[in-house]
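Peer 1: Here it is, the structure in full.
Values quoted throughout were computed directly from the atomic coordinates according to the rules given, and no laboratory measurement underlies them. Just so it is clear, the model here is predicted, and its values are computed rather than measured. Neighbour counts run over all protein chains shown; Cβ positions are idealised from the backbone, glycine included.
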Ligand code: GLC
């Protein structure tokens, strides 16, 4: 096929509008995705430099204290659930306090659930009555959140879930196709609202792109269960349903430079490793998101990660060239648990001392291991030793000549260079209990080829599925 013919065909295909997608099957067959450009490295530099962000899961579900999936998991009556909004007075909601907590923790950006899978908007939405202005609080929480982030000099991120459990079309689009289209329309309109009403937004974190698509089934013995074919083929490739590329292009027109993740049927500017860290990857930005207290949405009394765990997570992620997006789930009234804010403050104190070995650096050039890893900037490499091996730590940085070195937080460091290998040993008593950091200065800027990732970026649903079965 010649180029012209191909272009004609492509144009004709693009003209297939939602209205022509008469059914789920047809939508699946006819979909031709628009091209979406990924941001360039320069546009994503702030993200790579930031390393540490605060994720916030908060909504009506927070009042029930059973996590953000409570409506679905407990099969609550939707009307009853919606009435929770009448009691959502959020008397302790203080976006500035959240933002100050994030800043004090050394975080550089925030991501708030503007809307989770229950469909309740923390913002003023004109296309849904299930929204903040109709709650007892009668305020646009997202606006206050955005203002607070800006005041504290933090980058502003929105989490948005396209799916909404209140729509039968989400569960069975083949049966309720009109309703499924309503769901899509709501998603597009709300994204437009979020992208137009709050000034510059730096990051959009999608989640909840999957559709049940009949993937849920029921029988007498199992009750509701997930059909085995749920995870394959068309159930996974959700872009044809949401017309993801089309709306993403529109989002980019409204918010040029906004960073978007890989959870909306498009490969994303960055990708998400949900509650896992995995291998070093330098060819594409990524975040590893996890909870400070073992649940996204508020559940009281869950164990809080120790300072050591937080430091180890952040450092392990940074040496692998990712960002740590750490979730806090405030209670229904809007307050964060004190033990959590206290822990975050300790984290900030640690970062105030050692942050320069992480912020603005890149992961590598040494391949990380259980012992720890390295970050670098210019001609400096920071060695982070998290877990000591008996024989100390040995690595090489080829083609670079070590000029000087020093430990940031340990005495009696023995550093040896032999046949291109650098070996570091420190007596047990002199090691830092959290992270022993050694600075190495080389004769020239660090250059290395980096490590390419192999994850499937396009649908990002590998994460979702593991995670949903855990839910
Ligand atoms: C999952 C869950 C969701 C949570 C998210 C955070 O996809 O469905 O509840 O918001 O992970 O990454």
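Peer 1: For the residues 377, 221, 361, what sequence is obtained by ranking on other C-beta atoms within 10 Å, fewest first?
Peer 2: Arranged by neighbour count, lowest to highest, 377, 221, 361 become 221, 377, 361.
Peer 1: Relative contact order for region 364-442: what is it in percent, counting Cα pairs under 8 Å that are at least 6 residues apart?
Peer 2: Relative CO of region 364-442 lands at 35 percent.
Peer 1: Two-decimal Rg/Rh of region 346-462 from alpha-carbon positions, Kirkwood Rh?
Peer 2: Over the Cα atoms of region 346-462, Rg/Rh equals 1.00.
Peer 1: Given all pairs of different Cα atoms, what value in angstroms does the Kirkwood hydrodynamic radius of region 242-333 take?
Peer 2: Every distinct Cα pair counted, the radius reaches 15.0 Å.
Peer 1: Still on this model: At 222 nm, what helix-only mean residue ellipticity would the chain give, in deg cm²/dmol to the nearest 500, using -39500 (n - 2.57) for each DSSP H run of four or more?
Peer 2: Value at 222 nm, helices only: -8000 deg cm²/dmol.
Peer 1: What percentage of all Cα-Cα pairs in region 345-411 are separated by more than 20 Å?
Peer 2: Across region 345-411, Cα pairs with separations above 20 Å total 32 percent.
Peer 1: Right, here's the next one. Would you mind computing Rg(Cα) / (2.2 N^0.38 Å) for region 279-339, counting N as its residues?
Peer 2: 1.28
Peer 1: Now for a separate question. With N residues in region 27-125, what two-decimal value do you get for its Cα radius of gyration over 2.2 N^0.38 Å?
Peer 2: 1.45
Peer 1: Regarding region 23-357, what's the average projected area of the Cα-atom convex hull, expressed in nm²?
Peer 2: Approximately 16.9 nm², given one-decimal rounding.
Peer 1: If you take the Cα Rg of region 123-196 and divide it by 2.2 N^0.38 Å, with N the number of residues, what do you get?
Peer 2: 1.30
Peer 1: I'd like the orientation of helix 95-104 relative to the chain: the angle between its Cα long axis and the longest Cα principal axis, in ° from 0 to 90, rounded to 10.
Peer 2: Value to nearest ten degrees: 20.
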